[in-house]
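S.K.: First, the structure itself, so that you have it in front of you.
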Amino acid sequence: MHMLYFIIQQMMYFSIPLLIVALGGLFSERSGVVNIALEGIMVIGAFSGIYFINQTQGALPGQPVLLLAILVAAAAGMLISLLHAYAAINMKADQVISGTAINIFAPAFVIFVARMLQGVQQIPFVNQFRINSVPVLGDIPVIGPLLFQNTYITTYIGVGILVISWLVLYKTRFGLRLRACGEHPQAADSVGINVYKMRYAGVLISGALAGIGGLVFVIPTSTNFNATVSGYGFLALAVLIFGQWKPWRIAGAALFFGFMKTLSAVYSGIPFLVGLGIPSNIYKMIPYVATLILLAFTGKTSCAPKAEGIPYDKGSR
């Protein structure tokens, strides 16, 4: 049972950032803007949040520092996503190209700023955010060790973002308008909805969640930030597609990919897998091979938003 608890806890470390970033991509694409820039936004968000922790960790206690860092990462993600929004919405630029430009720009910018501020590109921090056991809940048999021991507050934030995203998209006027602007922008404009503003809102929400996801990825898995999020932005796009642009299916896809990533990371601690004698590089390839296989079989049947990526010209109606 201890091994099962360990695997599930590790799976949550990898699944939650995927979930948050994929939900960010969902908001953008539901508004009609493809956000290929998730990887770059994650890098900017992780850098901003980790640097904030690095500078304030000695003055504030653990969890408040992390919560403030999440806000900083969200703000940084929104700021960089404005570039993508302006290029895609106002300038009618190719959304894939503008997103790719941000992905190329972000790591170089982060390395330059980190070296300018402290001489090296690695930004260290003390990981004092792990919760050994949540009071009361951590003592519940089975469920306690699975979900409420050796965990991070970011896990519960990720679950909260999932529930809120579903409520916003499907139970609010804002969500209805956002989806309308992605699927039928001319029809939405004809009833007085400002399509430009709604698409900006979708991209900004996407940037905020991607920035948070970058920080949430780094916190449980490292003690320093080295200008990379290991391709998680692209993996989140795969989760978004595999989840067919629906929040709860995205959650299932994130758990699946998180499990694959966990196998690649902790196989050396599982006696059965070690006994197979498979080279370590094969295990490290598992998440990405699984991504290619699943996308090959599900890509044709996935149901993307109708107007995804289609520029909207207000003067065309």
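S.K.: With a 1.4 Å probe and every protein chain kept in, tell me what percent of the accessible surface of segment 249-297 is carbon plus sulfur. Don't skip to the answer; put the middle values down first.
M.R.: On the way: 2070 of 2720 Å².
Carbon and sulfur: 76 percent of the exposed surface of segment 249-297.
S.K.: Sticking with this structure for a sec: Can you compute the FRET efficiency between residue 105 and residue 137 using 1/(1 + (r/R0)^6), with r the Cβ-Cβ distance and R0 = 45 Å? Round to the nearest 0.05.
M.R.: Calculated transfer efficiency: 0.60.
S.K.: Enter the accessible area per residue of the chain (Å², integer; probe 1.4 Å; all protein chains in place). Can you show the working numbers first?
M.R.: Working: 14220 Å² over 317 residues.
Averaged over the residues of the chain, the accessible area is 45 Å².
S.K.: Do you know the relative contact order of segment 1-104, to the nearest whole percent, from alpha carbon pairs under 8 angstrom that are 6+ apart? Mind dumping the intermediate values first?
M.R.: On the way: 78 pairs, mean separation 35.1, N = 104.
With pairs under 8 Å counted, the relative contact order is 34 percent.
S.K.: Which of rounded, prolate, oblate describes segment 86-223, given a ≥ b ≥ c as roots of the alpha-carbon gyration tensor eigenvalues and a/c under 1.5 marking rounded, otherwise prolate only if a/b is larger than b/c? Show your work: numbers first, answer last.
M.R.: Values: a/c = 4.03, a/b = 1.31, b/c = 3.08.
Judged from the Cα gyration tensor, segment 86-223 comes out oblate (a/c at least 1.5, b/c at or above a/b).
S.K.: Considering only protein heavy atoms and a probe of 1.4 Å, how much of the accessible area of segment 119-182 is carbon and sulfur, as a whole percent? Write down the numbers at each step before the final one.
M.R.: Details: 2310 of 3400 Å².
Using a 1.4 Å probe with all protein chains present, segment 119-182 comes out at 68 percent carbon and sulfur.
S.K.: In what sequence, highest mean first, do 7-18, 145-156, 121-132 appear when ranked by Cβ atoms within 10 angstrom?
M.R.: On the way: 7-18: 23.3, 145-156: 19.1, 121-132: 16.0.
Descending packing order for the listed peptides: 7-18, 145-156, 121-132.
S.K.: OK, next. Go through 269-279, 186-196 and give me the packing order, highest mean Cβ count within 10 Å leading. It would help to have the intermediate numbers written out before the result.
M.R.: Working: 269-279: 10.1, 186-196: 15.1.
In descending order of packing, they fall as 186-196, 269-279.
S.K.: Do any of 171/261; 92/284; 246/284 go past 30 Å between their Cα atoms, and which? Please report the intermediate quantities before stating the final value.
M.R.: Working: 171/261 33 Å; 92/284 39 Å; 246/284 28 Å.
Violating the 30 Å Cα-Cα cut-off are 171/261; 92/284.
S.K.: While we're looking at this one, here's another question. Between rounded, prolate and oblate, where does segment 134-214 land on the alpha carbon gyration tensor, with a ≥ b ≥ c its root eigenvalues, rounded for a/c under 1.5, else prolate if a/b exceeds b/c?
M.R.: On the way: a/c = 5.24, a/b = 2.84, b/c = 1.85.
Taking the square roots of the gyration eigenvalues as a ≥ b ≥ c, segment 134-214 is prolate.
The values are calculated or read from the model by the stated rules, or taken from the named source; none is laboratory data. Everything numeric in this text was worked out from a predicted model, so none of it was measured. Methodologically, a virtual Cβ is constructed for each residue, glycine included, from the backbone with ideal geometry; neighbour enumeration extends over all protein chains shown. Surface accessibility is based on the protein's heavy atoms, side chains included, excluding ligands, DNA and RNA. Shrake-Rupley method; radii C 1.70, N 1.55, O 1.52, S 1.80 Å.
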